[in-house]
1. Could you check, for the range A:372-393, whether at least one of its residues is in contact with a Leu (Cβ under 7 Å, 6 or more places away or on another chain), among the β-branched types (Val, Ile, Thr) and more than 10 Å from every other protein chain (Cβ to nearest Cβ)?
2. So, in the range A:123-144, of the ones that are surrounded by 24 or more Cβ atoms within 10 Å (Cβ to Cβ) and at the interface with chain C (Cβ under 7 Å from one of its Cβ atoms), which residue ends up nearest to A:Gly34 (Cα to Cα)?
3. Given (1) assigned to a helix (DSSP H, G or I); (2) more than 8 Å from chain C (Cβ to nearest Cβ); (3) over 22 Å from A:Asn409 (Cβ atoms); (4) of a type outside the set (Lys, Arg), where does A:Pro341 come up short, assuming only one miss?
4. Given the structure, is C:Ala351 crowded, with 22+ Cβ neighbours inside 10 Å and either without any contact (Cβ under 8 Å) to a residue 40 or more places away in the chain or outside any loop (DSSP other than H, G, I, E, B) (or both)?
5. How many residues, within the range B:215-227, are without any contact (Cβ under 8 Å) to a residue 12 or more places away in the chain and either touching a Leu at 6+ places or on another chain (Cβ under 6 Å) or within 14 Å of another protein chain (Cβ to nearest Cβ) (or both)?
6. Quick one: is A:Leu195 among the hydrophobic types (A, V, I, L, M, F, W, C), crowded, with 24+ Cβ neighbours inside 10 Å and assigned to a helix (DSSP H, G or I)?
7. Quick one: count up the residues across the range B:143-162 that are surrounded by 13 or more Cβ atoms within 10 Å (Cβ to Cβ), over 22 Å from the mean Cα position of the chain (by Cα) and without any contact (Cβ under 8 Å) to a residue 12 or more places away in the chain.
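The values are calculated or read from the model by the stated rules, or taken from the named source; none is laboratory data. Bear in mind the structure is a predicted one, so any value in this text is a computation, not a measurement. For neighbour counting, all protein chains shown are included, and Cβ atoms are generated from backbone atoms with ideal geometry for every residue, glycine included.
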Amino acid sequence: MTETVPAQRDASMALQKKILGEHYHALAQAPETGAKTAYTFVPGNLTELIRSFDMLPVLPEINALQSGMRKQSGDFVREAEKLGHSEDVCTYVKCDIGMLKGGNIGPTGEHIPDPDLLLLSYTGCFTFMKWFELLKQEYDCEIAMLHVPYQGGGEITQEMVDYIVRQLEESVIPKLEKVTGKSFDEDAVSERLALSAQAEEDFVYVLESAKHRPSPIDGYFGGVFYIGPIFSAFRGTQAGIDYYQALRSEVDARIAAGKGPVTPAGEVTDERYRLVVEGPPNWTHFREFWKMFYEENAVCVASTYTKVGGLYDRGFRHDPSKPLESLARYCLGCYTNLNLPQRVDLISDYVREYSADGFLINSVKSCNSFSAGQLVILREVEERTGVPGGFIESDLVDPRYFSAANIKNRLESYLQMIEQRRQPVGATG
Amino acid sequence: MNGLDCWVGIDLGSTTTKAVILDSEGAILGRGITNSRSNYDVACAVARAEAFVDARFALARRTLEADAELAPRTELLLPVIAASFAEAKHGAALDALRAELLVAARNDFYKSWQPALDRVLGEIVDEMEVRAPALFVPGAERKSDFFRDLASSSFMQLSEEAADPGTMPQDVLIGMFDKAIIKVENQELEVSFEEHVGQALDRLLEAAGLEAGERARAAELMEYAVGMPLQERAHVGTGYGRARLPFPKASIRSEILCHGLGAHATFPSTRTVLDIGGQDTKAIQVDERGIVTGFQMNDRCAAGCGRYLGYIADEMNLGVHELGPMAMKSTRKVKINSTCTVFAGAELRDRLNLGQQREDILAGLHRAIMLRAMSLLARSGGVHDDFTFTGGVARNPAAVRALRELVTENYGERKINISAASIYTGALGAAIFARRAEDADESTEEAAA
Amino acid sequence: MASTVEELVARAEALALDVDLTGVAAWKEADPARRVVGYLPVFVPIEIITAAGMHPVGIIGGTDQVEIIRGDAYFQSYICHIPRSVVELGLSGRLDVCDGFLFPSTCDVIRNMSGIWKLEFPDKYVKYVDVPQNFDPEIGGNWWRHEITSLRADLEKLGEIEITDESMWTAIALHDENRRLLRNLYDLRSERPWLAPTSEVYLMQRAGLVLPVQEHNELLREYTEAATNSDRPLMDNSRIVLAGAFCEQPPLGLLRTLERAGCWIVDDDLLLGPRMITEPIIDPEGPVGDPVDALVKAFLDKAAAASFIYIDEKVKGAELADMVDKRQAEGVIFAAPSFCDPALLDRPMLARALDERGISHISMKYSENTGQFQTIREQAGTFADALKLWSDA
């Protein structure tokens, strides 16, 4: 998902960097090539549909997190606050607005073209809607809304699916046709969905490899790289398939060799703690944050953040035989569209399936969709699984909300607690 | 002479640094505390030195109490020795202060005030020396045990008297003091225990409280206590600044674990621990072995920490230690909504302007702080018997009262433990870890052999 | 004898501050078959609750009266205040009288609270009410019809009753009347704010959250009449519109402070939910067709602009600017709860729309338990003076 790759690189990393670079380059060339762009969000993205119209997707969240990793987000956020945005609200939004005002230069240093379509997939996050309303004021372009109902009742109903399919048919597709001058081609979408499903198999295999001991991957810090292509512009593409095949073979090789995950400081050779992590990472101090884990030989074996773009590991696959319905079900199933009891169930299952020693919540200030209720999740998962929960706080891309000392203090305490609790009853600590 | 094995725990807090020394039985031999400063190494060394001095006193006590002849004299002897020692330490610090003040006054910036500046500073320190003994009469009340606090309060007063707006503004004098005191704090002052024991005994002899024979016997015993080698077998560091301790990683433990274990050691039936320190608040659940089963710490916000009380004290022009007793005089309930340190000052002034009583507002503030603690406790799993309250704020009576009320209202009757030495809880836990870790190593070695 | 304004205000204040819901409990106790359904801000189709013969209760937080102990344990410091106080009310048993809870799609916090409620109160009926963000009658309309229909079925089950079309129409008529009375009162306040100041009008509205609609209608009638006929002296203040306060409510002290600082609040979005539908649902000729269709159509065609409803083809801030014009207001005060995503993310867009129309505005934040108003007093006072200078110039 990013350019800033770990120091020890795998071939898949290089591949990811290459395809991402090509994508940003294609975007920069769009004014010359005439390619049309659609701005859209990761959860509930309609990449296969967008690409079937030969449009290029732009994902403002990804731009924001890239800015965070490249230490530019602080300035962007402050710029937006100068323009009247509250310090209280989502920093992805402010980072994006700040970047836009600064000329919309993407992570590879190339210009990101203005949108021809703002495709608002309103999935799992209320702020998305505000975000595109704000962008609408900045661009003179078409805007399409796709309202994805929340799984308030803990399930996907046929009414929800029908509602989304109708919106796709009557609202989203006509907008895509209008912007591109092309007609909707259902077969073209189906073909891409078939490619997606193929990559999804390999992606799930990679995620679930963490069930091995030692885990060959870090399912959170490493995971954010693995989700890159499939959560963004590369679903339904051959490049996406190639990437996940390469990644899968690497993981297989690590399992065969009994190796632990790759980190910027080399391999974890002595897996000491297996953690499930809930919540997005901090991007402004991503490496420093990760280091706090691998220095203690703590490996994140599963995470919820790697499910914001779909719960493929729970069985969902894009289905070429029912293209629009399949896209609808995909949108509905993204992690932040689950209700709290579903999230508790999922995390508890991960703790058991991945034989975790604990689960840790990184609560980010920006994201109420994730954060509101996390303290209840903490208690419920502890009660159900019996493993201890940990709680740390940071933010997505606002460097002012990352207190390294505070986080390290909590994390160390937490890991030492897990260690201490391993002592058999009767022994002294 | 056979030495005495001991184990050291150091808790490097944001406000104070504490050290605890355990003997081979696990009993506390000595405690030391000093204010944390910009230089953590010095704070650590000072606290440790204090604890070793305290350990000497403990040894002296043990020795005296074991002596058939002098045992009844213990309570007469020890306080005098302690006071004498404290006074000598204070004197050495004053010497250092005098030197540093004069160094500070050399700065070109203060040229225009010379030579009067040197003279006035000298006179102030002279007067501080004159007043010092009164602080160390056995049983005397001191506002603080820290040199910085004692020196600061008398320097403020004396500089105000000595100042003259035209010729020698007080600001200039205070500026000197602020520079000098930091230097003094960062020196490790050598004060010989042995020497001062001798002085103290002479003094006792003069005061005719002690016969010559007794003096000789006491001197002999003291020499034994003073001469006994204390062999530090292992140490463990903890606390907010633990990462800066010059210890290897294996000798560092999280403050959560240390607090849990320290509280367990002091009150074995403890299941819930609340620690409110300067920089953070911790709610900890422990099992019957003192092992931590869950914990929560406050977030970025300083509300609900000791630091918040510091802001309030500054705002009211009071010492932090005066807040609690004043709040205890409250007769009416005032509800404070803002525990935000940024707004606290404004709300305070607002309420004073409205004619509300200082005592009542303070009582409301204490309750507001404890409300934050209650929410952390709830997050960590509630309040279970026994409940132990530790940290600097546990010495504040109004905070304790508010906590009692809130615990009873929300959880029913709970046994609440507060020990006078609760500020040492983290350091105690660290010392126990040090002792256990070594035990574990030994047993491994034995097994190997 | 008719009650005086003071008596009515005192009664409304007692109701508004009745965080223990004693009045609702008394209503319920009168008949074991009675059911109470609580709803969080902002918008739910309240008519269905009334049609079910149930007592709708607006759960809007704990005012500045409720001390938060357990509620704080549920939410991080960067989340607004209302969920803390609502959890506090729930865990302290003060919402036990409610048999069901509706959590509307206002924001991610209230959305997630629906899940917290499912986990904490498994015996209660809990529903997340998802308003459509698509306004095509065949698409978003169908979705809303489905939401309303399933809510209707759920309440039938909860009350072991049948909700007939007839009772639906009766309820719609009662709430139409309620909204008409509220609009009247708002008109009176705008025309002669010294007769019906916001500090009172607000209490009249808020009392409605804990009264059956019929009783609330009676209270509104009495107050409007008494206020209209009162002989309060004319006071010339600056006229402002208050925006941003649609969910978590400001403390009464804040509203009073604004008035004392020289601002007449001549329109606002306080307690927006019960006023969301801006025109009668029932046609002047009387009820026609399916009452659910009427409710759907009302939401699609007659709902006020709100932050939590997608702007679609409309122009952001246009309704607010129009409101300023209609009320002949001189400026806007944005007063948003701290950490309120919908209000705070909307603010720059609304501000831009006001700037384009040359309307002055200032901005402040509060939480429902804000205890000090010194800064607000100064800020609002300066704004009021500035507006006067402008209008005199």
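1. no
2. This residue is A:Lys130.
3. All conditions pass for A:Pro341, except number (2).
4. Values: crowded, with 22+ Cβ neighbours inside 10 Å: no; either without any contact (Cβ under 8 Å) to a residue 40 or more places away in the chain or outside any loop (DSSP other than H, G, I, E, B) (or both): yes.
When the stated conditions are applied, C:Ala351 does not pass them.
5. 0
6. Details: among the hydrophobic types (A, V, I, L, M, F, W, C): yes; crowded, with 24+ Cβ neighbours inside 10 Å: no; assigned to a helix (DSSP H, G or I): yes.
So A:Leu195 fails the test.
7. Adding up the residues that qualify gives 1.
For (1) among the charged types (D, E, K, R); (2) in a helix (DSSP H, G or I); (3) over 16 Å from B:Ala180 (Cβ atoms), each residue gets a yes or a no:
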{"residue": "B:Ala47", "(1), (2), (3)": "no, yes, yes"}
{"residue": "B:Ala55", "(1), (2), (3)": "no, yes, yes"}
{"residue": "B:Leu76", "(1), (2), (3)": "no, yes, yes"}
{"residue": "B:Ala86", "(1), (2), (3)": "no, yes, yes"}
{"residue": "B:His90", "(1), (2), (3)": "no, yes, no"}
{"residue": "B:Leu94", "(1), (2), (3)": "no, yes, no"}
{"residue": "B:Leu102", "(1), (2), (3)": "no, yes, no"}
{"residue": "B:Lys111", "(1), (2), (3)": "yes, yes, yes"}
{"residue": "B:Val120", "(1), (2), (3)": "no, yes, no"}
